[in-house]
Amino acid sequence: MMQTHIIFNFEKGSNLDDWILIDDIVMGGKSSGNFTIDDNGYGKFYGAISLDNNGGFSSVRYQDEATFTKYYSKIVLRVKGDGKRYQFRIKENQNQQHSYVTYFTTSGDWETIEIALKDLFPKFRGRTLDMPNFSGDTITELGFLFGNKKVEPFQLLIDTISLE
């Protein structure tokens, strides 16, 4: 039986130094995202999307040493969203420009989202690439992106991110 490998377990006092916010401000947009630990010890990715200046997204990324995926088949997220759709993203290595992504829609309650690694497909700057899906042995970056082509607030609570 395969063991679970915890990539990140949020709790009060979690170090967020390796988590980086990237909003559409990098291309002139005006969306605003935040990432903190809430009063209950969960990761809290929240903010507001603006479509001004061709904007429309906010993202948070976790960069760390390579996490080996060879003996695992899926990523498991324990999250509580706001009923909206989010994008989950990984990179095999830091030199890679594209990400491997999938989408999930939250229910408004705590839930466990299971994502088969082989189902993550390549995207770069919003365009799906004509390349194979993820088949790598490592992950060096993972993250969440919110942007549904609407002006709206968002909030995603994250408890754990693991491999199974």
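The values are calculated or read from the model by the stated rules, or taken from the named source; none is laboratory data. Just so it is clear, the model here is predicted, and its values are computed rather than measured. Counting neighbours? That spans all protein chains shown, and the Cβs are built from the backbone with ideal geometry, glycine included. Note: accessible area is taken over every heavy atom of the protein model, side chains too, but ligands, DNA and RNA are not part of it. Shrake-Rupley method; radii C 1.70, N 1.55, O 1.52, S 1.80 Å.
With N residues in region 81-123, what two-decimal value do you get for its Cα radius of gyration over 2.2 N^0.38 Å? Please report the intermediate quantities before stating the final value.
Working: Rg = 12.0 Å, N = 43, 2.2 N^0.38 = 9.2 Å.
Rounded to two decimals, the normalised Rg is 1.31.
Could you compute how fast region 1-80 diffuses translationally, taking Rh as the Kirkwood radius over C-alpha pairs and applying Stokes-Einstein at 25 °C with viscosity 0.890 mPa s? Give it in µm² per second. Spell out each step's value before the answer.
Working: Rh = 14.7 Å.
D = 167 µm²/s.
For the chain, give the percent of accessible area contributed by carbon and sulfur heavy atoms, probe 1.4 Å, rounded to a whole number. Working shown, then result.
Details: 3960 of 8750 Å².
Carbon-and-sulfur percentage of accessible area, whole number: 45.
State the volume of the convex hull built on the alpha-carbon positions of region 17-58, expressed per residue in Å³ and rounded to an integer.
On the way: hull volume 2.4 nm³, N = 42.
Spread over its residues, the Cα hull of region 17-58 gives 57 Å³ apiece.
If the viscosity is 1.567 mPa s and the temperature 4 °C, what translational diffusion coefficient in µm²/s does Stokes-Einstein give for region 21-124 when Rh comes from Kirkwood over Cα pairs? Show your work: numbers first, answer last.
Numbers: Rh = 15.3 Å.
Rounded to a whole number, D works out at 85 µm²/s.
Would you list, by chain and number, the aspartates and glutamates whose Cα falls below 17 Å from the Cα of K80, excluding same-chain residues fewer than 8 positions away?
E11, D38, D39, D109, E111, E114, D159
With all pairs of different alpha carbon atoms counted, what Kirkwood hydrodynamic radius in Å does region 63-164 show? Please list the in-between numbers first.
Values: mean 1/r = 0.0706 Å⁻¹.
Every distinct Cα pair counted, the radius reaches 14.2 Å.
Could I have the simple spin-label model distance between I22 and F68, label points 7 Å from Cα toward Cβ, reported in nm to one decimal?
So the label points at I22 and F68 sit 2.7 nm apart.
Hey, what's the chain come to in accessible area per residue, 1.4 Å probe, Å²?
Details: 8750 Å² over 164 residues.
Roughly 53 Å² per residue, with all protein chains present.
Using a Förster distance of 45 Å, how high is the FRET efficiency between N133 and D39, based on the Cβ-Cβ distance and rounded to 0.05?
Once rounded, the FRET efficiency stands at 0.70.
Roughly how many debye, to the nearest 20, is the charge dipole of region 60-164 about its Cα centre, given +1 on each Lys and Arg Cβ, -1 on each Asp and Glu Cβ, and no other charges?
Details: 15 positive and 14 negative charges, 96 e Å.
That gives a dipole near 460 debye.
Determine the distance separating the Cα centre of region 70-110 from the Cα centre of region 8-39; give it in Å without decimals.
Answer, in whole Å: 15.
Please tell me which of these pairs span more than 31 angstrom C-alpha to C-alpha: K30/K70; K70/K150; K44/K118; K91/K149; K118/K149?
Working: K30/K70 39 Å; K70/K150 38 Å; K44/K118 27 Å; K91/K149 24 Å; K118/K149 27 Å.
With Cα atoms farther than 31 Å apart: K30/K70; K70/K150.
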